[in-house]
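Every number here is computed from the coordinates shown, using simple stated rules; none is lab data. What you are looking at is a predicted structure, and each value in this text was computed from that prediction instead of being measured. Positions of Cβ are backbone-derived with ideal geometry, glycine not excepted, and every protein chain shown enters the neighbour counts.
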């Protein structure tokens, strides 16, 4: 079997202005995500590490280092705190990029559950590195992306809620994302620069659009059963469903009399 992937690439054009991604069935029978790049493609598992590997027998380097920290703290309660060195942070960074590629691809495939899961996972990585890295430069390398990942997490959780008409729940998620980004700015004494944060502005505009849209929808909705029947009657007359219109008129008379 040829190892050359030219034939695959010839049938799948790269578009630099778009994220080109698809879901395919793997030889093992499981679905895979493929992301088209200018020089080839990335193929990712839907679960576990995107590359399917288990570093040191663990689901990911994050789980490995979390276990290592726990064992260290249990064995050395009075010793120096557990720390991540440059090599540890480099492993976590490369792994985090894999999850970034997958959650970005999942977003464009409308696989919002995977996007929400992987963004939440990378936020845990940022928190773990902030708490345990030896060097501040390593902490900042991860944490500078916190607003973007918070935004993507909020969008991936709230979008399906909106699709189900759960506006209050969606707005709660968005508000939590806004608060998380504001916390980030405060952590770096940049709270006064919120109007320069693209991710914060994105969520705030989205929140305003949802509130405005729901307000318009609420105003347009019938306020009473009689009003709903009258609108249905008008539709029946317009479409010449006269028997149904007659039945609706009788129902409106009964309800109007009962309410009066």
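With the cut-off at under 11 Å, measuring from each backbone N in region 87-123 to a point 7 Å along the Cα-to-Cβ line of residue 134 picks out 87-89. Springs between Cα atoms under 10 Å define the GNM used for the chain, and in it the highest mean-square fluctuation of 208, 240, 90 occurs at 240. Mean projection of the Cα convex hull over all viewing directions, computed for region 137-187: 3.4 nm².
For the options 46, 185, 233, a Gaussian network treatment of the chain with springs between C-alpha atoms closer than 10 Å singles out 233 as fluctuating the most.
For the chain, the longest principal axis of the C-alpha atoms and the axis of helix 225-238 are separated by about 80°. Computed from the C-beta positions of residue 37 and residue 175 and an R0 of 41 Å, the FRET efficiency is 0.70 to the nearest 0.05. Over the chain, what portion of Cα pair distances is larger than 32 Å, expressed as a whole percent? The proportion of pairs with Cα distances above 32 Å equals 46 percent. In the distance distribution for region 14-99, Cα-Cα pairs more than 22 Å apart total 46 percent. Once the Cα atoms are used to define both axes, helix 167-187 deviates from the longest principal axis of the chain by about 30 degrees. When the distances between all Cα atoms of region 79-151 are binned every 5 Å from zero, what whole-number percent does each bin get? Result, from short to long distances: 3, 17, 27, 22, 14, 9, 5, 2, 1, 0 percent.
Based on DSSP, what percent of beta bridges with both residues in the chain are antiparallel, to the nearest 5? Intermediate values should be presented prior to the final figure.
Working: 11 of 12 bridges.
Of the beta bridges lying entirely in the chain, close to 90 percent run antiparallel.
At 222 nm, what helix-only mean residue ellipticity would the chain give, in deg cm²/dmol to the nearest 500, using -39500 (n - 2.57) for each DSSP H run of four or more? Each step should come with its number before you reach the end.
Working: 10 runs with 166 residues, N = 260.
-21500 deg cm²/dmol, from helical runs alone.
A Förster distance of 30 Å, applied to the separation of the beta-carbon atoms of residue 47 and residue 72, puts the FRET efficiency at 0.55. Any idea what angle helix 61-75 forms with the longest principal axis of the chain, computed on alpha-carbon atoms, 0 to 90 degrees, nearest 10? The answer is roughly 60 degrees.
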